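These notes concern the structure reproduced below.
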Amino acid sequence: MWDWHTAREGLPLILHGFGITLLATALGSLVAIVLGLVIAVLGRAPTRWVRLPLRAVVEFVRSTPVMIQLFAVWVLAPGLDPLTIGIVVLGLHYAMYTSEVYRAGIDAVPRGQWEAAVALSLPPIRTWWGVVLPQAVRKVIPALGNYVISMFKETPFLSVITVNEMVHEANQFGSDNFAYMEAFTIAAAIFLIASYPTSMLMRKLEKRLAH
Amino acid sequence: MLTDNPARKTSVSPVSTAVTFDQVVKRYGDHTVLDHLDFEVRQGERVTLIGPSGSGKTTILRLLMTLERVTEGVIQVNGQPFSGLPEKQLRRARRHIGMVFQQFNLFPNMKVLDNITEAPVQVLGLSRDEAAERARDLLDLVGLADKADVHPTRLSGGQQQRVAIARALAMRPDILLLDEVTSALDPELVQGVLDVLRDIAQATDITMLCVTHEMGFARDISDRVLMFDGGRVIESGPPERMFSEPEHERTRDFLGAVL
Amino acid sequence: MSFLTAFVRSLPSIWDGIQITVLATLLGALLALVLSFVLGLAARSRHLLVRGLARAVVEFFRGTSLYVQLFWLFFALPILGFKLVPLACAVLAFGLNYGAYGSEVVRGALAAVPRAQWEATVALNMTPWQRMRKVILPQAWPQMIPPFNNLLIQLLKSTPLLSLITVSDITFQMDQLRSATGDTKAAYLVLLVIYFVLAYALTLCMNGLEALGKARLGQGRA
Ligand SMILES: Nc1ncnc2c1ncn2[C@@H]1O[C@H](COP(=O)(O)OP(=O)(O)OP(=O)(O)O)[C@@H](O)[C@H]1O
Ligand SMILES: [Mg+2]
């Protein structure tokens, strides 16, 4: 049922996959964090011609499964490296969530701050970069962090487009050695060990930033 | 005046105490709020608790309502001690007590009538019809007969508080606890609530423990006024004497400030 | 064969696929709902042991990826001698994973009901069960609905996993259509639109529930 020898044999492979998982999470988060901010700021554009189409795209992307988005891009863009596709699609999908987080953060900046910026005739760039965003982003860091953790736990979807991340490797090892028990239990344990302390950290940060 | 109502006075036998505090201590951390407090309330008696802010008046009522637990000492209700009892037996003790809160605490998920009938149906086992009849009588008493099917959030503060009084009375408690029931109200709504309480004091022989800053009201309904300070009763007596010639200097200062 | 003809011809199997997907979503959500309440209430228990156990279960199912849980149930559990049909694996995995997230929603919403409401129930001598059922829960649940809706949509978005464990869900059916027609673009677009419509429909239902709950609290339109 459980064989330590097999488990030890599979561990290096699964850990190698874990490296890919971390890479995908890190780069995917970067895409989500940057793109989300861009979407949030564009969402405040003065013209409806930007806001409405943007709203539609955000709604559509975030209410459809990331696994199908991955599949679609992978099949429609042959020749592209699957890991790159995975990072971009995952990042894009999560950018829809992070944009909402930023939006809430920006909305929470008091009106007075905008008015003060106007009163000082700051140019828009400085208003955003120097006044609004520093205040908005600080408060949303824990929420962003939680989305990074969610994304981390969704990286196994990349295995459907042949990225050899952790669960892909676990699956491979499991089927080659008929050791699914060891393979998936190890994968589960690694997820737990990596995500639990991180989410604790976010909770602490949340409490700290609440004041 | 109500306090001279002979019918009520004679109906209370001198030995029957409704509430006894026996060497009650209440501490929060190392802050002692009640310090070996002793006092008794007879059945049918109307007692007003006065004292400076933070002297523990609310704490006394909350201890009686079992919302807090004593640190030391014993509280008895109708001769039965109930400090430190498990939940099941606490419920038996609570049967005798009703409470009206400063902030009304009506249930927003129920209409006015259901706020009043819910506990009689669930706790006392009345039928819906019996409970509704009782509730309508009480709504009549508090002057809100036409509000039975309204949401509590649609009522003024004074109306909400009168519903809360009806809700407490629907359980037919022997003892009614009133904690600054008018202090969350706009000044023009205070009188309506006090009038209802005066009517109840007159029409029933319910025991009342009441914390209030309305000294006129206290004078009208109380048999006895207890002055608290430093976690103890420092002076007590009938309102006429307490308000006109307080013995204790703290009482004099306090009344001088509020009257 | 044009995509449209093929699409029309395979409508019955697509409809079957939609039904499977919706069934898995609803059953998974039902199990998740039950677990949300069990774990959410347990997290507020007076007993340290009950609280600790609930905490551990929640952290475990939140911390190990849904994907891994599903594969574990599908591939590893049979080794222990428990072989579930694939749909049951999926429902169980959805229920456990989203139940763990949902329990946080329940816990938060219960904690958000003012303490004074609880005090009023004590003053009226209600039993703990009556307090919960008659007063606390009715006030807490409208607050739970928006976060529950988010979780429901996420659950729905996890259902393509069904196709990975041999269930003929909508993703599987559309994939069949894709290989039959060779029109990848159209097939995936239709699939995404189907999901979008499903998500939208679920959101509408949940909004209705929320409005109902709020009206009972006298907050919505009377
Ligand atoms: N839950 C609690 N934790 C810690 N301290 C408390 C708590 N409840 C009350 N206290 C303290 O106990 C003391 C007595 O409070 P209590 O509310 O009984 O006073 P009070 O006489 O009703 O005052 P007021 O006239 O302002 O209502 C206060 O110093 C208060 O700070
Ligand atoms: Mg008080």
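Check C:THR127, C:THR121 and return the single one that is surrounded by 20 or more Cβ atoms within 10 Å (Cβ to Cβ) and within 14 Å of chain B (Cβ to nearest Cβ).
Checking each option against the conditions leaves just C:THR121.
Filter segment B:21-43 down to the residues that are surrounded by fewer than 18 Cβ atoms within 10 Å (Cβ to Cβ) and not in a strand (DSSP E or B) and list them by number.
Listed by number, the residues that qualify are B:GLY29, B:ASP30.
Taking the condition at pLDDT 95 or above and under 24 Å from A:VAL61 (Cβ atoms), does A:LEU133 pass?
no
Of the conditions (1) of a type outside the set (Gly, Ala, Ser); (2) farther than 21 Å from B:VAL193 by Cβ; (3) away from chain C (no Cβ under 11 Å), B:LEU124 clears all except one; give me its number.
Exception for B:LEU124: condition (3).
Can you tell me which residues in segment B:72-99 are over 19 Å from the mean Cα position of the chain (by Cα), at pLDDT 90 or above and within 25 Å of C:GLN117 (Cα to Cα)?
Once the filter is applied, which keeps residues that are over 19 Å from the mean Cα position of the chain (by Cα), at pLDDT 90 or above and within 25 Å of C:GLN117 (Cα to Cα), segment B:72-99 yields nothing.
Just to be sure I understand, how many residues within segment C:186-204 are surrounded by fewer than 16 Cβ atoms within 10 Å (Cβ to Cβ) and over 11 Å from A:THR64 (Cα atoms)?
Residues flagged as surrounded by fewer than 16 Cβ atoms within 10 Å (Cβ to Cβ) and over 11 Å from A:THR64 (Cα atoms) within segment C:186-204 amount to 2.
For segment B:62-76, enumerate the residues that are among the β-branched types (Val, Ile, Thr) and within 14 Å of chain C (Cβ to nearest Cβ).
B:THR66 - this is the single residue of segment B:62-76 that is among the β-branched types (Val, Ile, Thr) and within 14 Å of chain C (Cβ to nearest Cβ).
Among the residues in segment B:174-197, are any within 14 Å of another protein chain (Cβ to nearest Cβ), more than 16 Å from ligand 1 (Cβ to nearest atom) and free of Cβ contacts under 8 Å to residues at least 12 places away in the same chain?
Within segment B:174-197, not a single residue is within 14 Å of another protein chain (Cβ to nearest Cβ), more than 16 Å from ligand 1 (Cβ to nearest atom) and free of Cβ contacts under 8 Å to residues at least 12 places away in the same chain.
Please go through segment C:139-180 and give me each residue that is away from chain A (no Cβ under 13 Å) and not in a helix (DSSP H, G or I), ordered by number.
C:THR166, C:VAL167, C:SER168
Quick one: in segment B:33-61, of everything that is under 14 Å from the mean Cα position of the chain (by Cα) and within 9 Å of ligand 2 (Cβ to nearest atom), which residue is farthest from the other protein chains (Cβ to nearest Cβ)?
Per the stated criteria, the residue is B:LYS57.
I'd like the full set of residues that are touching a Leu at 6+ places or on another chain (Cβ under 7 Å) and within 7 Å of ligand 1 (Cβ to nearest atom), limited to segment B:33-59.
Within segment B:33-59, B:GLY56, B:LYS57, B:THR59 qualify.
Return the only residue of B:MET215, B:MET227 being in contact with a strand residue (DSSP E or B) (Cβ under 6 Å, 6 or more places away or on another chain) and either more than 16 Å from ligand 1 (Cβ to nearest atom) or not aromatic (Phe, Trp, Tyr) (or both).
B:MET227
Name every residue in segment B:153-173 that is crowded, with 23+ Cβ neighbours inside 10 Å and within 11 Å of chain C (Cβ to nearest Cβ), in order of residue number.
Within segment B:153-173, B:ALA164, B:ARG167, B:ALA168, B:ALA170 meet the criteria.
Out of A:THR198, A:THR162, A:THR127, which single residue is in contact with a helix residue (DSSP H, G or I) (Cβ under 6 Å, 6 or more places away or on another chain) and loosely packed, with under 14 Cβ neighbours inside 10 Å?
A:THR162
Quick check on B:GLN103: is it touching a residue at least 40 places away in the same chain (Cβ under 8 Å) and surrounded by fewer than 21 Cβ atoms within 10 Å (Cβ to Cβ)?
The answer is yes for B:GLN103.
Within segment A:89-119, take every residue that is touching a residue at least 60 places away in the same chain (Cβ under 8 Å) and of a type in the set (A, V, I, L, M) and give me the one that is farthest from A:ALA24 (Cα to Cα).
A:ILE106
Which members of segment B:219-233 meet the condition of being within 14 Å of B:ARG46 (Cβ to Cβ) and touching a Phe, Trp or Tyr at 6+ places or on another chain (Cβ under 8 Å)? Don't jump to the end; show me each part of the working.
Filtering segment B:219-233 down to residues within 14 Å of B:ARG46 (Cβ to Cβ) leaves B:219-226.
Listed by number, the residues that qualify are B:ARG219, B:VAL225, B:LEU226.
Mind telling me which of the residues A:ALA183, A:ALA179, A:ALA170, A:ALA188 ends up being within 11 Å of chain C (Cβ to nearest Cβ), farther than 19 Å from A:LEU35 by Cα and either without any contact (Cβ under 8 Å) to a residue 12 or more places away in the chain or touching a Lys or Arg at 6+ places or on another chain (Cβ under 7 Å) (or both)?
None of the other options fit; the residue is A:ALA188.
Quick check on segment B:233-259: of everything there that is assigned to a loop (DSSP other than H, G, I, E, B) and of a type in the set (D, E, K, R), which residue is farthest from B:SER55 (Cα to Cα)?
Checking each candidate, the answer is B:GLU245.
Considering only segment C:29-64, how many residues are within 14 Å of chain A (Cβ to nearest Cβ) and part of a helix (DSSP H, G or I)?
Summing the residues that are within 14 Å of chain A (Cβ to nearest Cβ) and part of a helix (DSSP H, G or I) in segment C:29-64 gives 9.
If we scan segment B:78-91, do we find a residue that is within 16 Å of ligand 2 (Cβ to nearest atom), touching a residue at least 24 places away in the same chain (Cβ under 8 Å) and touching a strand residue (DSSP E or B) at 6+ places or on another chain (Cβ under 8 Å)?
Within segment B:78-91, none of the residues are within 16 Å of ligand 2 (Cβ to nearest atom), touching a residue at least 24 places away in the same chain (Cβ under 8 Å) and touching a strand residue (DSSP E or B) at 6+ places or on another chain (Cβ under 8 Å).
Identify all residues within segment A:154-198 that are assigned to a helix (DSSP H, G or I) and of a type in the set (D, E, K, R); write none if there are none.
Within segment A:154-198, A:GLU154, A:GLU169, A:ASP176, A:GLU182 meet the criteria.
The values are calculated or read from the model by the stated rules, or taken from the named source; none is laboratory data. Model, not experiment: these values are computed from the prediction. In this analysis, Cβ positions are derived from the backbone assuming ideal geometry, glycine residues included, and neighbour counts consider all displayed protein chains.
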